[in-house]
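Note sheet for the following structure.
The values are calculated or read from the model by the stated rules, or taken from the named source; none is laboratory data. What you are looking at is a predicted structure, and each value in this text was computed from that prediction instead of being measured. Positions of Cβ are generated from backbone atoms using ideal geometry, with glycine treated the same way; all protein chains shown enter the neighbour counts.
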Amino acid sequence: SAPAPLAVLGRDVRVPLATGGEAGYVPLDYAASAPALQRVWDDVAAYAPYYGSVHRGAGYLSQLSTDLFEQSRETVARFLGCRPGDEVLFTRSTTDSLNLLAAALPAGTRVFVFETEHHAALLPWERAEDGEVVYLPAPHTPEQAVALLDTALHGAPKGPKLVCVTGASNVTGEIWPVRQLAAAAHRHGARIVLDAAQLAPHRPVDITALDVDWVAFSGHKLYAPFGAGVLAGRADWLDEARPYLAGGGATRTVARAGEQVEVEWHRGTARHEAGSPNVVGAYAIASACKALTEAGFASLVTRERELLARLRDGLAAIPGVRVLSLFGEASERVGVLSFVVAGHDSSQLATDLSALHGIGVRSGLFCAHPLVRTLLGSEPDAFGECGAPDAVPGERSLDAIRVSFGAGTPGEHVERFLAALA
Ligand code: PMP
């Protein structure tokens, strides 16, 4: 039998139903934000009385907070298998991490990105100075993804290049061939950043073993509370770049020089972390990294596979359900799956699952509009006019339902979802 789920917050939350009763809440939207681990919450609560400003105060609690903040960096570095010299920056989220890297690209960098990416990985790159963004078409197998990248890089002119890829899709849950994509990037002298927002909660992400240059992820998808994320990897481009945020903490010296202000910026993590850092967020992420490492990804993956198999069998037994996939039926997935039901509007189904059954899923285009259009584009008109929250105004409603789960999900939640949908 599957290992037990990890203890998460919100297990006893009851929600009102439209029918007048109430039900225990079933969170199946882990891909948006996972419930925090009880262990993470307890660690944060134990630390809270010792709050102090980081990197500034002489007081005991300031020193303690500074130590905890820096130790959190080391914990994350171990969790990600960082190389000597790699930097771990605390940011606000994956979106923030990727925007930070985009702001740090050397002038003229060509960025290669699949059009199927989450918008957070698709959109930040246009800002690179004198740069260019090359959008790669949707691949239909992992091998094709590698071949498409290889061909594009082969034909690219000299100059700095960056590839941005997802580790696991937030729409289909499918795992991308990161190691092979990294090898292709490096063969052509390009750097590669991994968007691990969906992969890190489900699989070990080892920057050395995958041989990627940077990794980005969000705390709130990794069983920590909101507000903090990570960008980890090579220091050189980051140390050469203009600071992401200009302000206190990022500067070594500031002095008036005639009409100007002359600034010498720090190198290293301080360069991009101006302002008072989110020590609680960093500490919570480190706590989540420790908890996942102790639980062991082997056992988390075993559970996930069992739940996923049950979910897929159950969905296959419901008439009209089509599970969305870019790489085909047999592809390896994390606990994230989107589907449509012929003749039913996805957003209405999602609304009903909540209002009538207390089940939280998501419907829409999942901030990956080009991907969802590719997945649904040739679908006969099985969708109603009721648009998803992020549907495109004036377009026929194209949206799907996403069900996603994780380390805190008991088998009973999958059963309740299947029964309700049926
Ligand atoms: N990339 C992927 C694959 C995601 O799923 C998400 C969140 N849906 C993000 C990036 C952005 O994460 P955040 O909203 O925490 O910045």
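For the reader, a short list of remarks on this structure follows.
- Of the residues making up segment 212-238, those that are farther than 15 Å from Ser97 by Cα and either modelled with pLDDT under 95 or surrounded by fewer than 24 Cβ atoms within 10 Å (Cβ to Cβ) (or both) are Pro225, Asp236.
- Every residue from segment 254-300 that is among the aromatic types (Phe, Trp, Tyr) and out of contact with any helix residue (DSSP H, G or I) (no Cβ under 6 Å at 6 or more places or on another chain): Phe297
- Note on segment 56-156: enclosed helices (runs of 4 or more DSSP H) holding 1 or more residues that are within 16 Å of the ligand (Cβ to nearest atom) and closer than 22 Å to Val279 by Cα are 60-79, 94-103.
- Residue match in segment 266-281 (condition: within 16 Å of the ligand (Cβ to nearest atom) and closer than 17 Å to Val44 by Cβ): yes
- Of the helices (runs of 4 or more DSSP H) contained entirely in segment 304-422, those carrying at least 1 residues that are within 28 Å of Asp12 (Cα to Cα) and modelled with pLDDT under 95 fall at 346-357.
- Considering residues of segment 163-195 that are polar (S, T, N, Q) and assigned to a loop (DSSP other than H, G, I, E, B) only, the residue nearest to the ligand (Cβ to nearest atom): Asn170
- Any hit, segment 13-29, residues being away from the ligand (no atom under 16 Å from the Cβ), without any contact (Cβ under 8 Å) to a residue 12 or more places away in the chain and assigned to a loop (DSSP other than H, G, I, E, B): yes
- Residue list for segment 196-233, filter: within 11 Å of the ligand (Cβ to nearest atom) and either not assigned by TED's automatic domain parsing to the domain that holds Asn99 or not in a loop (DSSP other than H, G, I, E, B) (or both): Ala216, Phe217, Ser218, Gly219, His220, Lys221, Gly229, Val230
- Counting only residues that are under 18 Å from the mean Cα position of the chain (by Cα) and in contact (Cβ under 8 Å) with a residue 60 or more places away in the chain, segment 318-366 holds 10 of them.
- For Ser276, the criteria (1) buried (at least 20 other Cβ atoms within 10 Å of the Cβ); (2) over 20 Å from the mean Cα position of the chain (by Cα) hold in every case but one, which is (1).
- Segment 250-288, residues that are under 18 Å from Ser62 (Cβ atoms) and either outside the structural domain of Glu70 (by TED's automatic domain parsing) or in a helix (DSSP H, G or I) (or both): Thr269, Ala270, Val279, Val280, Gly281, Ala282, Tyr283
- Residues in segment 164-181 include at least one that is within 29 Å of Arg303 (Cβ to Cβ), among the charged types (D, E, K, R) and in contact (Cβ under 8 Å) with a residue 60 or more places away in the chain.
- Residue satisfying condition, being surrounded by fewer than 17 Cβ atoms within 10 Å (Cβ to Cβ), among the hydrophobic types (A, V, I, L, M, F, W, C) and out of contact with any helix residue (DSSP H, G or I) (no Cβ under 9 Å at 6 or more places or on another chain), within set Ala152, Ala147, Ala209, Ala156: Ala156
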